[in-house]
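Okay, structure first, notes after.
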Amino acid sequence: MDAPVVSGSMFLAELALSVIRLGPGTLTGPSFVTDVLLKLLGAAALEEFLFRVLLLSGLAVLLSRVASGRWIAVLATAVLFGAAHLGNEGASAISAFGTGPGGVIYAVAFLATRSVWLPLGLHLGWNMSQGLFGLPISGTHVPGWFSTSWSGPLPACPCRFC
């Protein structure tokens, strides 16, 4: 399943369950280029270079003689990838925890292809589809086709960090 299908399914499920309210979007042609395409492409490219090309590659080499070393490298970089998103405006422990599995997917794609292009495309596709549906991207918003807001108070998180 590709990123727009998954993100679109989440959007429709949240809408059907009345978890989110839908409003008009603020997307225009110029804002698509500047705020969506360039901003998200730049962020995804920087993150993929840092987390996959530098960090994952280095850890995979360092742990190559350890049993399951590549998987340890994948999981370690995914945890760091999720944690790095805590600095985003509007981010929470839950959003960072939700970002971690993306780090696993991008890491596996990087190791499987030995190229940054597939994880970059997956990362950009995920971020763009979330943004265009008006959903927050790791806690931040970009102009989308819709604007979304929570329809009521969020349930309390039992973790004490949120």
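The values are calculated or read from the model by the stated rules, or taken from the named source; none is laboratory data. Model, not experiment: these values are computed from the prediction. Cβ coordinates were reconstructed from backbone atoms using ideal geometry, including for glycine residues, and neighbour counts include every protein chain displayed. Note: accessible area is taken over every heavy atom of the protein model, side chains too, but ligands, DNA and RNA are not part of it. Shrake-Rupley method; radii C 1.70, N 1.55, O 1.52, S 1.80 Å.
Worth pointing out:
- Estimated purely from DSSP H runs of n ≥ 4, each contributing -39500 (n - 2.57), the mean residue ellipticity at 222 nm for the chain is -16500 deg cm²/dmol once divided by its residues.
- Contour minus Cα-Cα distance for residue 115 and residue 28 (0.36 nm per residue): 28.0 nm
- If you plug the beta carbon distance of residue 41 and residue 5 into 1/(1 + (r/R0)^6) with R0 = 22 Å, you get a FRET efficiency near 0.60.
- In this structure the amide hydrogen of residue 27, modeled in the peptide plane, comes within under 5 Å of the amide hydrogens of 144, none closer than 5 places in sequence on its chain.
- Of the residues 77, 113, 26, the one that moves most in a GNM of the chain with alpha-carbon contacts below 10 Å is 113.
- Candidates 59, 128, 84 compared by Cα position along the dipole of segment 17-132: farthest toward the positive end lies 59, with charges placed on Cβ.
- Where the chain is the region considered: accessible area per residue in Å², 1.4 Å probe: 58 Å²
- Taking trypsin sites (Lys or Arg not before Pro) in DSSP loop conformation with at most 11 other Cβ atoms inside 10 Å as exposed sites, the chain has its longest uninterrupted site-free stretch at 1-64.
- Low-density loop cleavage sites - GluC sites (Glu not before Pro) in segment 38-119, where at most 15 other Cβ are within 10 Å (DSSP): 89
- Contour minus Cα-Cα distance for residue 53 and residue 145 (0.36 nm per residue): 29.8 nm
- Whole-Hz couplings from phi, Karplus 6.51/-1.76/1.60, listed for segment 91-107; x for Gly and Pro: 6, 9, 4, 5, 5, 5, 5, x, 7, x, x, x, x, 5, 4, 5, 5
- Helix axis angle, 39-48 relative to the chain longest principal axis, alpha carbon, degrees: 20 degrees
- Taking the protein heavy atoms of the chain in the context of the full set of protein chains, the accessible area attributed to carbon and sulfur is 72 percent at 1.4 Å.
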